[in-house]
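Here the structure comes first, spelled out in structure tokens, and everything after it is commentary.
The values are calculated or read from the model by the stated rules, or taken from the named source; none is laboratory data. Keep in mind that what you see is a predicted model, and the values were worked out from it rather than measured. Glycine also receives a Cβ, built like all others from the backbone with ideal geometry; neighbour counts cover every protein chain displayed. Remember, those area values only see protein heavy atoms, side chains included, never the ligands or the DNA or RNA. Shrake-Rupley method; radii C 1.70, N 1.55, O 1.52, S 1.80 Å.
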Amino acid sequence: MTQPTAPILITGASQRIGLHCAERLLDEGQSVIVSYRSPREGLDRLRERGAMTLHADFSGVDGILAFIATLKQHASVLRAIVHNASDWRTDTPGEEAAVFQQMFDVHMLAPYLINTHCAELLGHGGPADIIHISDDVTRVGSKKHIAYAASKAGLDNLTLSFAARLAPAIKVNGIAPALIQFNEGDDEEYRRKALAKSALGIEPGAEVIYQSLRYLLDNPYVTGTTLSVNGGRHLI
Ligand SMILES: NC(=O)C1=CN([C@@H]2O[C@H](COP(=O)(O)OP(=O)(O)OC[C@H]3O[C@@H](n4cnc5c(N)ncnc54)[C@H](OP(=O)(O)O)[C@@H]3O)[C@@H](O)[C@H]2O)C=CC1
Ligand SMILES: Nc1nc2c(c(=O)[nH]1)N=C([C@H](O)[C@@H](O)CO)CN2
């Protein structure tokens, strides 16, 4: 396979799913740019493998526009943009307005402004993709993560709008995961209950998201679609 030249941008890729996808793209000879908010050890591995790492804090317009300016200083073309950055906040009593704003900023405003200002870096004759990492929870809502779920539902709608606007030069799709990878603090009771919510009942790990990303990057006839990667939660 010839070395793909234009890099793929993955936001929020210093850990977990984003980091895994960045490493798997590097495994395939794909150049990668990642954004990160907090310095983490995974960034050192990515830098050793030639990835470019750019700081980004998407909490507010200024932070998002600052990242866009930095990105344009470091890249003139992109193969794809993967909007992975996310904060899984509960609706903390007394902090509802702040939480809603934070969820809107990272899950909707950042993808909206980055797509608007950076679509010009994509395409140039070859395949070009924007991929929004959403959440299966948009299907049913969430009692404890109302703002989070609403902002991810808005991201699903951005998939439709940008797919229509940017066709045929750029494909725009989503991936809607459910329970891919537990967090360190998740106790046994939480894990048991979460696994019981899907028909397949497993914690699959980040590779299933890379497989979905690979499918969308490679398929020339899919746009405006959000792939459900939820272990059959809709069947329970
Ligand atoms: N893990 C799972 O089981 C599931 C994941 N998903 C979705 O998949 C994607 C990847 O999930 P996962 O790997 O768990 O994600 P994480 O919770 O690990 O978040 C990814 C990164 O996003 C960054 N981030 C958060 N808020 C901001 C912000 N305001 N500005 C810039 N960066 C920010 C974090 O930076 P920092 O390190 O500084 O905190 C973090 O490293 C997400 O979009 C998530 O919603 C959906 C369903 C299930
Ligand atoms: N940014 C994040 N979003 C989500 C996470 C996460 O760890 N970070 N985790 C989940 C859960 O796994 C949920 O899908 C199952 O309880 C949802 N979103």
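Some observations on this one:
- Using the rule -39500 (n - 2.57) for each DSSP H run of four or more residues, divided by the residues of the chain, the 222 nm mean residue ellipticity is -12000 deg cm²/dmol.
- For the stretch 1-75: rounded, prolate or oblate by the Cα gyration tensor [a/c cutoff 1.5]: oblate
- Between the stretch 127-201 and the stretch 25-92, the alpha-carbon center distance in angstrom: 19
- Potential lengthening between Asp44 and Gln211 on full extension [0.36 nm per residue; Cα-Cα distance subtracted]: 57.7 nm
- Note on Asn183/His124: beta-carbon distance plugged into 1/(1 + (r/R0)^6) with R0 of 25 Å gives a FRET efficiency of 0.05.
- Of the solvent-accessible surface of the chain, computed with a 1.4 Å probe and all protein chains present, 54% belongs to carbon and sulfur.
- Only lysine pairs 8 or more places apart or on separate chains count here, and in the stretch 8-229 those with Cα atoms under 19 Å apart total 6.
- The stretch 8-229, accessible area per residue, ligands and nucleic acids excluded (1.4 Å, Å²): 47
- Peptide packing for 6-12, 147-153 was compared via the average number of neighbouring C-beta atoms within 10 Å per residue; ordered from the highest value, the list is 6-12, 147-153.
- Cα gyration tensor category, rounded, prolate or oblate, for the stretch 8-229 with a/c compared to 1.5: rounded
- Taking the Cα centre of the chain as reference, the dipole from Cβ charges on Lys and Arg (+1) and Asp and Glu (-1) amounts to some 440 debye.
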